[in-house]
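Only one structure is covered here, and it is reproduced in the block below.
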Amino acid sequence: GYFCVLGVSTATPVQADLLDVRECHEVSDVGTGDICPAGSFCPEESPSAQRCPAGSYSDVPGLAECKECPEGFYCARGTINPEPCKAGHFCPSGTGTTLGKCAPGTWSDNTGLTRQEECEPCPAGYYCPSKAIDSRDKLLKCPPKYYCHEGCATSQPNDPFGGFCDRGYYCPEGSDSMVECTAGHYCSSQGLAVVSGLCEPGYYCGGGATSRNPVTEGKNGKCPQGHYCEAGSVTPTPCPAGTYMEPTLTGKQARHINRWKTP
C-alpha cells in the first residue's frame, strides 16, 4: 500500500514525514515515498503507484491491489468510484470501458443493469433494430402494412415477431396486430395500411371482407331477397312494409337499391 523511491528509512513512508527529515539532511541523503493514492495500487516493493486497470477500482488510499468493479457498474483505468452502468447497457462484475449492449429487439432506459436478461423486450407496435437503445423516444414505430409483436427487431418482421398484413385486414403505422377490415368496407389485398373502399351496393360487409362484392359467407355476402343493401352496408336492410325486391335483381342489377315495388 506504499511506494518507495531511492530507499527510505521506513516501510510505510508518508511524504509529509520525509519532508520533515529533509530539514536535517541533504536532499540526496533522503529517499522519497508515500502512501498509495486512491485510484492506484502498490504491491510490495513498489517504486511508484500504479493506476488501477480498467475493470477495477481503488476508493481508499493504501491498497496493495485494486478491487474488482462490482456488477451494475463500470470502471475505467484509475477509477476511484465506480460509475453506474449506462442505460441501454449491462455490466457484469469486472466491467471496464467496454459495456455490454442490449441486443436488437430489446432496450432499457434504466441504469445499473447487470446482464442481458434485464434488458426489456421492444414493446408491441415498435421495433428495435440497433443495440443499446436507451430511451423510449428512440423506439421506432412498426411501419405501415406490417404488424410488430413484442421483441421485434426489424421493420419487416416474420413470425413470431410479427408479419405482413393479410387480406381482409389492414395495418396502419404502429400496429401490434392486424386490424380486421372495418364493417361496411373491404380489404382486397395483402399489405394494406388503410381499407380498400366501401362495399358495393347490393352487398353487405360485416367485417373482414376481402372483396367489394363478397360471396355470402359469415359476416359478408350478397344482399338476400326481400332486403336491400346500399353502398357500405354492414347488414341487409329489410324492404319497407308493402314493398318487395324482385328476385331477378341480382349482381349488378341489385345495386339499384331503390327498385323495390309495391305488390
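What the table shows:
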{"read-out": "Spin-label pair Glu217/Gln190, simplified geometry with 7 Å Cα→Cβ offset, distance in nm", "value": "1.7"}
{"read-out": "Pairwise FRET efficiency - Ser177 versus Ala76, Cβ, R0 = 35 Å, nearest 0.05", "value": "0.20"}
{"read-out": "Cα gyration tensor shape of segment 81-221, rounded if a/c is under 1.5, else prolate or oblate by comparing a/b with b/c", "value": "prolate"}
{"read-out": "Cα→Cβ-extended label distance, 7 Å offset, between Leu140 and Val60, nm", "value": "5.0"}
{"read-out": "Segment 22-132 - accessible surface per residue (Å², probe 1.4 Å)", "value": "53"}
{"read-out": "Cα gyration tensor category, rounded, prolate or oblate, for segment 139-198 with a/c compared to 1.5", "value": "prolate"}
{"read-out": "Radius, Kirkwood style, for segment 174-219 when every pair of distinct Cα atoms is counted (Å)", "value": "10.7"}
{"read-out": "Segment 127-217, accessible surface, carbon-and-sulfur percent (1.4 angstrom probe)", "value": "47"}
{"read-out": "Nearest-0.05 FRET efficiency for Asp159 and Glu68, computed from C-beta distance (R0 45 Å)", "value": "0.55"}
{"read-out": "Sites Ala231 and Lys131, calculated FRET efficiency, Cβ-Cβ separation with R0 51 Å, nearest 0.05", "value": "0.50"}
{"read-out": "Global geometry of segment 61-133, whether rounded, prolate or oblate, following the gyration tensor of its Cα atoms and the 1.5 cut on a/c", "value": "prolate"}
{"read-out": "Stretch gain in nm, segment Gln50-Gln116, where the contour uses 0.36 nm per residue and the Cα spacing is subtracted", "value": "20.5 nm"}
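The values are calculated or read from the model by the stated rules, or taken from the named source; none is laboratory data. Since we're looking at a predicted model, the values are computed, not measured. Note: ideal-geometry Cβ built from the backbone for every residue, glycine included; neighbour counts use all protein chains shown. Ligands, DNA and RNA are stripped out before the accessible areas are found, and what is left, the full protein with its side chains, is counted by its heavy atoms. Shrake-Rupley method; radii C 1.70, N 1.55, O 1.52, S 1.80 Å.
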